[in-house]
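Contents: one structure, followed by commentary.
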Amino acid sequence: MGQGRVAAGKKNAARLKAALVFVDESGFMMAPLVRRTWAPRGTTPIMLQRGRSHEKVSAIAALVVSRDRDNVRLFFRLHPDENIKTPLILSFLRQLSRQLGKKPFLVVWDRLNAHRAKATTAFLKTNAAGSALLPPYAPELNPVEYIWSYLKVNPMANDPHMDTGSIAGTARRHGKAVQRREELLRSFLKHSPLFLRLA
């Protein structure tokens with residue numbers, strides 16, 4: 001992998017003094033991940049949830065490593081009952097660019113069609129230092145995947161919802177809690193097999 005596209009992207013980011021921006025999408029469903037839990041002896045925990053519901057809250061997030069590799073920040077957006085397509089990705093990237101103060105950034109993400117769309121490519125050529133595609137079928141390389149896993153396996157496990165507004169509120173609250181824990185964000189980067197030297 002050291003010879004590949006991702007390695008080249010990291011070198012370009014260092015050369016251009018650009019922030020590294022890992023981007024990924026996911027979704028939160030009505031039915032939560034069920035984990036073993038504590039309960040009084042003789043009392044089986046019961047979770048009430050809506051059956052056969054395909055409603056969801058789609059999410060897009062960016063884990064941003066600063067140009068000097070000193071700071072790590074998380075940005076995210078939630079979209080109830082929507083699929084993440086090119087217009088939503090472009091909207092997210094525009095907002096992210098404003099949040100970063102128009103400083104150069106290089107996007108690292110998977111090979112989703114919307115990431116390779118003409119409109120997305122055109123936006124990145126004009127507004128970013130570039131982009132790097134992760135190898136196919138290698139989600140473990142993207143540290144944002146570990147954020148989704150953490151949210152679903154830990155604070156949002158065993159927590160059923162009856163509507164998308166409720167899921168969105170819970171996901172937003174826990175997402176903001178993760179934003180405030182830089183040491184946790186750094187652990188997601190360190191857990192990824194993608195080599196990245198942090199200050």
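The values are calculated or read from the model by the stated rules, or taken from the named source; none is laboratory data. Since this is a predicted model, take the numbers as computed values, not measurements. Using ideal geometry, Cβ is built from the backbone for each residue, glycine included, and neighbour counts are taken over all protein chains shown.
Which ones in the range 170-195 are over 14 Å from the mean Cα position of the chain (by Cα), modelled with pLDDT of 95 or more and closer than 18 Å to Met30 by Cβ?
Arg173
Show the residue pairs that are 6+ apart or on different chains and have beta-carbon atoms under 8 Å apart, the first residue being within the range 104-119 and of a type in the set (Lys, Arg), the second being assigned to a strand (DSSP E or B).
Arg111/Leu133; Arg116/Leu133
May I ask you to verify whether Asn83 is of a type in the set (S, T, N, Q), closer than 26 Å to Arg172 by Cα, exposed (fewer than 12 other Cβ atoms within 10 Å of the Cβ) and modelled with pLDDT of 80 or more?
Here the answer is yes, as Asn83 does meet what is asked.
Quick check on Gly101: is it small (Gly, Ala, Ser) and in contact (Cβ under 8 Å) with a residue 60 or more places away in the chain?
When the stated conditions are applied, Gly101 does not pass them.
Take the residues of the range 125-154 that are over 26 Å from Gly175 (Cα atoms) and touching a Gly at 6+ places or on another chain (Cβ under 8 Å): which is surrounded by the most Cβ atoms within 10 Å (Cβ to Cβ)?
Top of the filtered list is Gly130.
I need the helices (runs of 4 or more DSSP H) fully contained in the range 87-199, keeping only those with at least 2 residues that are touching a strand residue (DSSP E or B) at 6+ places or on another chain (Cβ under 6 Å), over 19 Å from Arg73 (Cα atoms) and aliphatic (A, V, I, L, M).
Fully inside the range 87-199 and qualifying: 164-179.
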